[in-house]
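The values are calculated or read from the model by the stated rules, or taken from the named source; none is laboratory data. Because the structure is predicted, anything quoted here is derived from the model rather than measured. All Cβ positions, even for glycine, are placed from backbone atoms using ideal geometry, and neighbour counts span all protein chains on display.
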Amino acid sequence: MTTAHADGLQRPPAVPGTTHEDSRPAPGDPPRGRRGRDRRTRLAAWAFLAPVVIYLGVFYAYPLYRNVDLSVRHYTVRSFVQGGAPFSGWDNFRQVVHDPTFATALRNTMVFTVVSIVFQYAIGLALAVFFNRGFRLAPTLRALFLIPWLLPLIVSASTWSWMLNSESGVVNYVLHLIGVGKVDWLTSPSWALTSVIVANIWIGIPFNLVILYSGLQNIPAELYEAAALDGASTWQQFRRITFPLLRPVSAITLLLGLIYTLKVFDLIWIMTRGGPGDSSSTLATWSYRLGFGSLLPEFGPGAAVGNILILIALLFGLLYIRVQRRQAA
Amino acid sequence: MRHTRTAIAAVAACAALTGITACGGSGSGSSSSAASGTYTFWDPYPQFDGTSAWGKLVASCGTKAGVTVKRTAYDTTDLGNKALLAAQQGDAPDVMLVDNPVVSTLVQAGILNRMSDVGISTTSIQTNIIGAGVVDGSPYGVPIGANTLALFYNKNVLAAAHVDPASVKDWNSLTAALKKVKAAGKKGITFSAIGTEEGSFQFLPWFWGAKGDLTHLDNGNGEAALSLWKDWVSQGLAPNDVLNNTQTTSWQEFATGQYAFGENGTWQLGNAKKAGFPYGVISIPGQDGGAAPAPTGGEFVTVPVQKDSARYKASAQIVSCLTSDSSLLATDTTLSYVAPTGTAQSQQVTATPELKPWVAAVATARGRTSDGLGTRYPVISQQLWTAVQGALSGGTSPRSALEAAQKAAENHQN
């Protein structure tokens with residue numbers, strides 16, 4: 001379809017009388033060469049499709065297959081290299097689920113994700129509404145708010161861990177100045193998770209801001225004018241116009257945020273290594289720790305945790321598709 | 001149309017996650033089999049490029065063996081896994097330098113050759129240093145050098161607190177010294193108790209200094225060591241951020257000049273000279289006096305298994321060249337390590353007398369995977385650092401932390 005179209009565009013306008021026999025049969029003529037052209041079209045279609053298919057196969061399908069394969073076999077370092085790891089069914093999953101870390105990691109993942117998203121969304125929305133007023137410095141300020149998004153994660157995570165250091169961090173220094181005792185942000189079991197959540201919220205705000213801001217731009221200004229004429233207060237305008245009309249965009253933002261946040265690994269790993277103990281471990285960091293964190297890798301259980309995480313994300317991915325479909329309808 | 005979009009969205013949604021979990025298929029090229037004259041060489045020294053003394057030494061050893069060496073440097077923590085993946089792809093390097101506790105894991109995976117099988121003699125190496133590379137009585141690598149841990153002290157801080165470093169002979173006198181320092185308004189001691197192998201490495205001298213047994217973490221001896229650390233942290237003699245300190249960040253704390261003691265390794269000697277204050281070194285005391293056995297650190301040169309066994313001849317020549325006394329002397333001076341042979345050690349001490357306490361410390365040091373521990377060590381070590389983290393962060397008592405660690409280590413081996 002696409003090829004035929006492009007073909008037509010490239011040709012000069014057909015001059016009546018000079019009939020190209022193969023390409024423009026007159027109506028009623030027997031369709032000579034039709035089959036050959038069909039096959040060519042189909043071939044071309046496949047050729048256009050091939051890069052995507054190969055790309056998806058090599059970079060998504062195969063790694064996914066390998067990951068599932070790793071998680072259902074009993075791998076030792078020897079069988080990882082030499083091959084021949086025995087099939088062990090659900091053993092890795094059973095081992096992982098019965099591990100005392102599992103409950104902690106699952107709970108931490110849920111707390112981390114939900115709290116991060118709620119705050120990212122609320123702050124992002126507040127900022128988007130704020131910048132939507134279009135005051136003079138708005139574009140500059142908005143650009144500044146994007147910085148967390150532009151910085152490499154290793155830079156922002158390291159900076160956070162310096163700032164939150166119990167001995168020499170600037171946060172404790174400020175607390176000290178206002179007369180509050182020192183807090184072990186990254187090294188106390190009761191604060192470590194909070195600290196990584198705060199850092200993650202900071203990183204996620206720009207994403208929410210950008211998407212919600214573009215959503216706000218699509219709300220026609222007349223609605224606000226009409227509401228103002230009817231005497232609606234700012235809060236009423238937000239509640240009755242902005243929020244309902246922003247609902248589709250909000251749903252997408254929240255679901256994408258959910259999928260992104262579930263898999264956050266680097267930030268936590270750099271700031272706390274999931275510690276102290278397991279107090280800031282999530283499924284993502286635990287999976288990495290099993291697979292690569294010690295001198296003796298446990299690929300099977302590590303992959304099993306990864307698969308559980310994928311399943312959770314897939315669930316939300318399907319939810320996302322449903323929401324998107326409902327919006328399209 | 002709707003269908004394809006849905007499908008693509010579904011794939012994209014779950015693929016967003018595969019990035020972290022996909023383990024296989026590294027993108028390294030398969031060049032090792034092609035050119036006969038090119039030998040691949042991996043090491044964990046990314047700080048040295050081709051123009052450094054180390055880079056030149058590796059290249060010249062290749063030239064002497066009549067081949068070209070293609071050297072690639074990886075991050076230490078990365079190298080073990082990279083080696084496993086490469087071996088799985090049949091693409092292991094010809095010669096590889098790895099951190100010593102990794103050797104037994106790689107042997108377990110069947111990746112490494114016995115030194116005797118490729119014709120490399122290891123008789124001149126001190127037995128406790130090569131211990132970490134010995135599996136079932138056969139060495140699988142040659143140490144390029146050794147390092148270990150000791151206590152650096154800041155002479156100014158100790159003088160201000162009226163502490164004589166010579167008075168630190170056992171744990172009680174050390175704790176007493178730390179209290180005096182704290183009373184004088186300075187900070188006591190810094191070390192690394194991070195939840196990685198580094199944390200276990202730093203804890204071991206204290207654990208062994210209390211006659212702790214890695215196969216029985218909960219037998220009460222190790223508890224004394226863990227209580228010592230926990231008390232230091234809870235009494236403010238050691239900072240709370242040791243829980244997040246790597247050995248590098250711990251050194252940076254010591255280098256601020258605020259700390260009386262810092263537990264750190266031979267490799268910091270170069271930095272110690274730049275620290276800007278007079279420093280000294282004592283060995284880590286055992287619980288009841290004497291020097292505690294510290295773990296050996298340092299890398300081993302190994303020869304990974306190749307399909308084409310004809311390659312071993314040149315590989316062995318490269319290894320012998322790298323571990324000859326003159327090469328060891330040059331390399332260990334650059335790395336600030338202690339040489340693994342008696343001859344090179346005495347040459348080192350003649351050239352740099354400050355190394356003397358370190359040579360003594362290395363002589364009493366123990367390999368982490370020695371004594372037949374092998375691949376059980378990584379499992380135990382992980383539980384050990386978890387116990388240290390649990391106790392120091394205040395979550396659990398030293399006793400219950402170590403009991404849980406022992407149980408987890410046993411369960412894992414079953």
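Only one residue in B:VAL163, B:VAL118 is touching a Phe, Trp or Tyr at 6+ places or on another chain (Cβ under 6 Å), part of a loop (DSSP other than H, G, I, E, B) and over 18 Å from B:TRP229 (Cα atoms), so which one is that? If you could, list the steps in order and put the result at the bottom.
Details: B:VAL163 fails: touching a Phe, Trp or Tyr at 6+ places or on another chain (Cβ under 6 Å).
Answer to the check: B:VAL118.
Applying the selection to the stretch B:74-106, what residues are free of Cβ contacts under 8 Å to residues at least 40 places away in the same chain, more than 9 Å from chain A (Cβ to nearest Cβ) and crowded, with 19+ Cβ neighbours inside 10 Å?
Across the stretch B:74-106, the qualifying residues are B:TYR74, B:LEU79.
Go through (1) touching a strand residue (DSSP E or B) at 6+ places or on another chain (Cβ under 7 Å); (2) within 14 Å of chain A (Cβ to nearest Cβ); (3) in a helix (DSSP H, G or I) one by one and return the number of the condition B:ASN411 breaks.
Of everything listed in (1) touching a strand residue (DSSP E or B) at 6+ places or on another chain (Cβ under 7 Å); (2) within 14 Å of chain A (Cβ to nearest Cβ); (3) in a helix (DSSP H, G or I), B:ASN411 misses just condition (1).
Tell me, which residue of the stretch A:181-212 that is among the β-branched types (Val, Ile, Thr) and farther than 16 Å from A:MET163 by Cα is nearest to the other protein chains (Cβ to nearest Cβ)? Please lay out each step first, then the result.
Looking only at the stretch A:181-212, we keep the residues that are among the β-branched types (Val, Ile, Thr), and these are A:183, A:187, A:194, A:196-198, A:201, A:203, A:205, A:210-211.
In the following step, the residues that additionally are farther than 16 Å from A:MET163 by Cα were identified as A:205, A:210-211.
Numbers: A:ILE205: 20, A:VAL210: 18, A:ILE211: 16 Å.
Residue satisfying both the conditions and the ranking: A:ILE211.
Is there a residue in the stretch B:122-136 that is out of contact with any Ser or Thr (no Cβ under 7 Å at 6 or more places or on another chain), within 14 Å of chain A (Cβ to nearest Cβ), closer than 26 Å to B:ALA363 by Cβ and without any contact (Cβ under 8 Å) to a residue 40 or more places away in the chain?
No, there is no match, as no residue in the stretch B:122-136 is out of contact with any Ser or Thr (no Cβ under 7 Å at 6 or more places or on another chain), within 14 Å of chain A (Cβ to nearest Cβ), closer than 26 Å to B:ALA363 by Cβ and without any contact (Cβ under 8 Å) to a residue 40 or more places away in the chain.
Out of A:LEU255, A:LEU223, I need the residue that is aliphatic (A, V, I, L, M), part of a helix (DSSP H, G or I) and either surrounded by fewer than 16 Cβ atoms within 10 Å (Cβ to Cβ) or in contact with a strand residue (DSSP E or B) (Cβ under 9 Å, 6 or more places away or on another chain) (or both). Which one? Working first, answer last.
On the way: A:LEU255 fails: either surrounded by fewer than 16 Cβ atoms within 10 Å (Cβ to Cβ) or in contact with a strand residue (DSSP E or B) (Cβ under 9 Å, 6 or more places away or on another chain) (or both).
That would be A:LEU223, the only listed residue that is aliphatic (A, V, I, L, M), part of a helix (DSSP H, G or I) and either surrounded by fewer than 16 Cβ atoms within 10 Å (Cβ to Cβ) or in contact with a strand residue (DSSP E or B) (Cβ under 9 Å, 6 or more places away or on another chain) (or both).
So, A:ALA126, is that one surrounded by fewer than 19 Cβ atoms within 10 Å (Cβ to Cβ) and of a type in the set (A, V, I, L, M) or not?
Values: surrounded by fewer than 19 Cβ atoms within 10 Å (Cβ to Cβ): yes; of a type in the set (A, V, I, L, M): yes.
Yes: the conditions hold for A:ALA126.
Residue by residue through the stretch B:237-253, note down the ones that are in contact (Cβ under 8 Å) with a residue 40 or more places away in the chain and away from chain A (no Cβ under 12 Å).
B:LEU237, B:GLN247
From the residues in the stretch B:269-315 that are among the aromatic types (Phe, Trp, Tyr) and touching an Asp or Glu at 6+ places or on another chain (Cβ under 9 Å), which one is surrounded by the most Cβ atoms within 10 Å (Cβ to Cβ)? Before you say what the answer is, go through the steps one by one.
Taking the stretch B:269-315 and keeping what is among the aromatic types (Phe, Trp, Tyr), we get B:277, B:279, B:300, B:312.
Add one more test, that the residue is touching an Asp or Glu at 6+ places or on another chain (Cβ under 9 Å), and what stays is B:300, B:312.
Working: B:PHE300: 28, B:TYR312: 19.
Per the stated criteria, the residue is B:PHE300.
Looking only at the stretch B:171-215, filter to residues that are among the polar types (S, T, N, Q), touching a residue at least 24 places away in the same chain (Cβ under 8 Å) and farther than 21 Å from A:PRO276 by Cα; which one of those is farthest from the other protein chains (Cβ to nearest Cβ)? Steps first, answer last, please.
Here is the first cut: in the stretch B:171-215, the ones among the polar types (S, T, N, Q) are B:172-173, B:175, B:190, B:192, B:196, B:200, B:202, B:215.
Still in the running and touching a residue at least 24 places away in the same chain (Cβ under 8 Å): B:173, B:175, B:190, B:192, B:196, B:200, B:202, B:215.
Narrowing further to those that are farther than 21 Å from A:PRO276 by Cα: B:173, B:175, B:215.
Details: B:SER173: 25, B:THR175: 20, B:THR215: 16 Å.
Only one residue tops the list, namely B:SER173.
Provide a single number: the residues in the stretch A:68-81 that are at the interface with another protein chain (Cβ under 7 Å from one of its Cβ atoms) and over 11 Å from B:LEU84 (Cβ atoms).
Residues of the stretch A:68-81 that are at the interface with another protein chain (Cβ under 7 Å from one of its Cβ atoms), as a first pass: A:70, A:77-78, A:80-81.
Among the residues that remain, those that are also over 11 Å from B:LEU84 (Cβ atoms) are: A:70.
Number satisfying all stated conditions: 1.
Going residue by residue through the stretch B:384-397, is there one that turns out to be in contact with a Pro (Cβ under 8 Å, 6 or more places away or on another chain) and without any contact (Cβ under 8 Å) to a residue 60 or more places away in the chain?
Yes.
Every residue in the stretch A:302-329 that is buried (at least 23 other Cβ atoms within 10 Å of the Cβ) and more than 19 Å from the chain's Cα centre (by Cα), please.
Residues satisfying the conditions are A:GLY302, A:ALA303, A:ALA304.
Is there a residue in the stretch A:260-276 that is over 25 Å from A:THR159 (Cβ atoms) and of a type in the set (Ser, Thr, Tyr)?
To start, the set of residues in the stretch A:260-276 that are over 25 Å from A:THR159 (Cβ atoms) comprises none.
The answer is no, given that none of the residues of the stretch A:260-276 is over 25 Å from A:THR159 (Cβ atoms) and of a type in the set (Ser, Thr, Tyr).
If you go through the stretch A:290-311, how many residues are within 9 Å of chain B (Cβ to nearest Cβ) and either modelled with pLDDT of 90 or more or farther than 24 Å from B:ASP99 by Cα (or both)?
8
Looking at A:SER158, A:SER116 in this structure, which one is within 13 Å of chain B (Cβ to nearest Cβ), part of a helix (DSSP H, G or I) and within 25 Å of the chain's Cα centre (by Cα)? If you could, list the steps in order and put the result at the bottom.
On the way: A:SER116 fails: within 13 Å of chain B (Cβ to nearest Cβ).
Checking each option against the conditions leaves just A:SER158.
Looking only at the stretch B:212-267, count every residue that is in a strand (DSSP E or B) and closer than 23 Å to B:SER283 by Cβ and tell me the total.
Residues meeting the conditions: 8.
State whether one or more residues within the stretch A:201-217 are surrounded by fewer than 17 Cβ atoms within 10 Å (Cβ to Cβ), more than 21 Å from B:GLY195 (Cα to Cα) and more than 25 Å from the chain's Cα centre (by Cα).
Within the stretch A:201-217 (the criterion being surrounded by fewer than 17 Cβ atoms within 10 Å (Cβ to Cβ), more than 21 Å from B:GLY195 (Cα to Cα) and more than 25 Å from the chain's Cα centre (by Cα)), the answer is no, since none of the residues qualifies.
Out of the helices (runs of 4 or more DSSP H) lying entirely within the stretch B:306-400, which hold 1 or more residues that are more than 14 Å from every other protein chain (Cβ to nearest Cβ), hydrophobic (A, V, I, L, M, F, W, C) and closer than 23 Å to B:GLY55 by Cβ?
Details: elements: B:312-322, B:325-335, B:342-351, B:356-364, B:376-392.
By residue number, B:312-322, B:325-335, B:342-351.
Looking at the stretch A:258-268, which of its residues are of a type in the set (A, V, I, L, M, F, W, C), assigned to a helix (DSSP H, G or I) and more than 8 Å from chain B (Cβ to nearest Cβ)?
Here is the first cut: in the stretch A:258-268, the ones of a type in the set (A, V, I, L, M, F, W, C) are A:258-259, A:262, A:264-265, A:267-268.
Within this subset, residues satisfying the condition of being assigned to a helix (DSSP H, G or I) are A:258-259, A:262, A:267-268.
Listed by number, the residues that qualify are A:LEU258, A:LEU267, A:ILE268.
Answer yes or no: is there a residue in the stretch A:269-282 that is facing chain B (nearest Cβ under 8 Å), part of a helix (DSSP H, G or I) and closer than 27 Å to B:GLY395 by Cα.
Checked against the condition, which is being facing chain B (nearest Cβ under 8 Å), part of a helix (DSSP H, G or I) and closer than 27 Å to B:GLY395 by Cα, the stretch A:269-282 yields at least one hit.
With out of contact with any helix residue (DSSP H, G or I) (no Cβ under 8 Å at 6 or more places or on another chain), surrounded by 19 or more Cβ atoms within 10 Å (Cβ to Cβ) and not hydrophobic (A, V, I, L, M, F, W, C) as the only criterion, which of B:THR386, B:THR323 stands out?
Numbers: B:THR386 fails: out of contact with any helix residue (DSSP H, G or I) (no Cβ under 8 Å at 6 or more places or on another chain).
Within the list B:THR386, B:THR323, the selection yields B:THR323.
Say whether the condition of being assigned to a helix (DSSP H, G or I) and within 9 Å of chain B (Cβ to nearest Cβ) is met by at least one residue in the stretch A:37-45. Give the derivation first.
In the first step, residues of the stretch A:37-45 are kept if they are assigned to a helix (DSSP H, G or I); the result is A:37-45.
Imposing the further condition that a residue be within 9 Å of chain B (Cβ to nearest Cβ) reduces the set to none.
No, the stretch A:37-45 contains no residue that is assigned to a helix (DSSP H, G or I) and within 9 Å of chain B (Cβ to nearest Cβ).
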